[in-house]
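Colleague: Just dropping this structure here.
The values are calculated or read from the model by the stated rules, or taken from the named source; none is laboratory data. None of the values given here were measured: they were computed from a predicted structure. Every residue, glycine among them, receives a Cβ derived from its backbone with ideal geometry; neighbour counts consider all protein chains shown. All accessible areas refer to the heavy atoms of the entire protein, side chains included, with ligands and DNA or RNA removed. Shrake-Rupley method; radii C 1.70, N 1.55, O 1.52, S 1.80 Å.
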Amino acid sequence: MRLTSDLRCGVRQWLRRPGLSSTILLSLILGIGANGALATLFNAVFYRPLPVKEPNHLVLLGWTAHTWPTGITVSGFSESGKGGQDVVLSFSYSMYQRLLEEKGALSDVIAFAHLGKLRLLQGERASLAEGDAVSSNYFSMLGVHPALGETFSPVDTGDALEPAAVMSYRYWQQAFNGDPSVVGRSVYLNNVPVRIIGIVPANFSGVE
């Protein structure tokens, strides 16, 4: 009975000042929506593991320096470490090769670099995409299997190989309407001819 009475009272108040009540209701809905979005983002960043094999065993390597060597320009991801030192998460390719040869306690080492915006051209059809340059063992180490086609093989090395690309599931749906015949086609990425060899699963979008 009390709930019915409160509802009647609320309706009467809303009918007297519908504009103010609607604003309050809208603000409440927006507030709930914002909190829900933040909770979803927090869950995705801090709690949901990467959709890869043994995500808890992954480590991100970095190096620290009090001052940079003369003539060296450091670019890439960086953050502040202990004692005010800079922690840099970027390595040269030669250093990556050395880490790969001398893995020590690590089972494997992969490399990736964000390339930013890319212009993809197929015939007269152009679109914008974002991508990463990754080492040939990237997908095999992470245990990510293609949804269509294939991914890179750890033995795919050498300057004579044709440049190849693996496309995200989302971009495949958006730019190519999920057309399976896109696998095997050659496109241009920033005017460089690249062959699309596979599509990754919908739940994988990289490790950054």
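Colleague: If I ignore ligands, DNA and RNA and count only protein heavy atoms, how much of Arg125 is accessible to a 1.4 Å probe, in Å² to the nearest 10?
Modeller: 120
Colleague: Using the Karplus curve 6.51 cos²θ - 1.76 cosθ + 1.60 with θ = phi - 60°, what ³J(HN,Hα) values do you get for each residue of region 96-110, in whole Hz, with x for Gly and Pro?
Modeller: Taking θ as phi minus 60°, the curve returns 4, 4, 5, 4, 5, 6, 10, 5, x, 7, 7, 6, 6, 9, 10 Hz for region 96-110.
Colleague: Next question. Which shape class applies to region 105-208: rounded if a/c is under 1.5, otherwise prolate when a/b exceeds b/c and oblate if not, where a ≥ b ≥ c are the square roots of the Cα gyration tensor eigenvalues? Please list the in-between numbers first.
Modeller: On the way: a/c = 1.70, a/b = 1.45, b/c = 1.17.
Prolate, because a/c is 1.5 or more and a/b exceeds b/c.
Colleague: Residues with amide H under 5 Å of Leu148's amide H, sequence separation 5 or more or different chain, H placed in the peptide plane at 1.01 Å from N; which?
Modeller: When sequence neighbours closer than 5 places are left aside, the close amide H contacts are Ile199.
Colleague: Quick one: what are the phi-derived ³J(HN,Hα) couplings along region 121-131, Karplus 6.51/-1.76/1.60 with θ = phi - 60°, whole Hz, x for glycine and proline?
Modeller: 10, 10, x, 9, 9, 10, 8, 9, 9, 10, x
Colleague: Can you give me the long-range amide H partners of Arg185? Hydrogens built in the peptide plane at 1.01 Å from N, cutoff under 5 Å, separation of 5 or more residues or another chain.
Modeller: Excluding prolines and chain starts, which carry no amide H, the hits are Ile196.
Colleague: Based on the Cβ-Cβ distance of Ser107 and Asn177, what FRET efficiency does E = 1/(1 + (r/R0)^6) give at R0 = 41 Å, to the nearest 0.05?
Modeller: Working: r = 39 Å, r/R0 = 0.95.
So the FRET efficiency works out to roughly 0.55.
Colleague: Order the following by accessible area, largest value first: Lys53, Lys117, Lys103. Probe radius 1.4 Å; ligands, DNA and RNA are ignored.
Modeller: Numbers: Lys53 110, Lys117 140, Lys103 70 Å².
The ranking, largest first, comes out as Lys117, Lys53, Lys103.
Colleague: In region 127-206, what percent of the accessible surface is made up of carbon and sulfur (1.4 Å probe, ligands and nucleic acids excluded)? Could you put the intermediate results ahead of the total?
Modeller: Working: 2260 of 4350 Å².
Looking at region 127-206 in its full context, I get 52 percent from C and S.
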